[in-house]
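What follows is one structure encoded as structure tokens, with my remarks underneath.
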Amino acid sequence: MAVAVAAVTALGGCSDDGAKDGASATPDASASASASTGTPTPTNPPSGTATEAPGTPSPGQTPNPGTSVPPEPAPSTSAPAPAPSASTPAAGETLVAVTRSGGIAGKTATLIIKGDGSFLRLNAKAETVDRGKLSAAALTKLRTALQKADFPRLPRISMPKQPVFDSFTYAFRHGGYEVAADQTTLPQPLEGVLGALPSFEPS
């Protein structure tokens, strides 16, 4: 009986070892298929390898419609401020204003001529003394004189080196420009403007 049990045990051990040996000797099915076809078995990329983020277009590839692209900045449309214009003013706007001061009496008077030829005479306190209106011919003469004077090119101030007693000083304002001059150093173009103005003294 003892011999029979030992023999059964020995055979069972041989059978198990044989199964184990057969399992270890049998190659993996996928490895056998790779060996027979010559195709390498795909492997996962090594960890740490950089890959493109989802939705990132490759060079030359059109981005997906849902991908937001920042807009390009619009070109600047700013422009420099325009220079004062000496264009013809509207009927109710000031065409020219001239202030005369000094002289023997030392009085100050101002003439303000509008675009339609109407004008005001003001005293030293800027109070209206009287009103009037130029004829069409006189207004045309004044406009022509102002155009020939070319205010943008006139010197801003024309005064003698030494003060001249009892002389008049004039201050002109036209087309956004202001010009001041003594009567002894008055630029010639402004003489035509003075000649086209009504009298500074009320009639």
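Residues in region 103-126 that are small (G, A, S), out of contact with any helix residue (DSSP H, G or I) (no Cβ under 7 Å at 6 or more places or on another chain), assigned to a loop (DSSP other than H, G, I, E, B) and over 20 Å from P163 (Cα atoms): G115, A124, A126.
Going by the structure shown, is A136 free of Cβ contacts under 8 Å to residues at least 24 places away in the same chain, closer than 19 Å to E93 by Cβ and aliphatic (A, V, I, L, M)? Spelling it out, A136 is indeed free of Cβ contacts under 8 Å to residues at least 24 places away in the same chain, closer than 19 Å to E93 by Cβ and aliphatic (A, V, I, L, M). Taking A137 as the residue in question, decide whether it is aliphatic (A, V, I, L, M) and at pLDDT below 85. Criteria not met by A137. Taking the listed residues D150, D166, the one that is at positive phi and touching a residue at least 60 places away in the same chain (Cβ under 8 Å) is D166, with no other qualifying. The set of residues in region 121-176 that are surrounded by 12 or more Cβ atoms within 10 Å (Cβ to Cβ) and polar (S, T, N, Q) comprises N123, T140, T144, Q147, S158, S167, T169.
The values are calculated or read from the model by the stated rules, or taken from the named source; none is laboratory data. None of these values were measured; they are calculated from a predicted model. Note: ideal-geometry Cβ built from the backbone for every residue, glycine included; neighbour counts use all protein chains shown.
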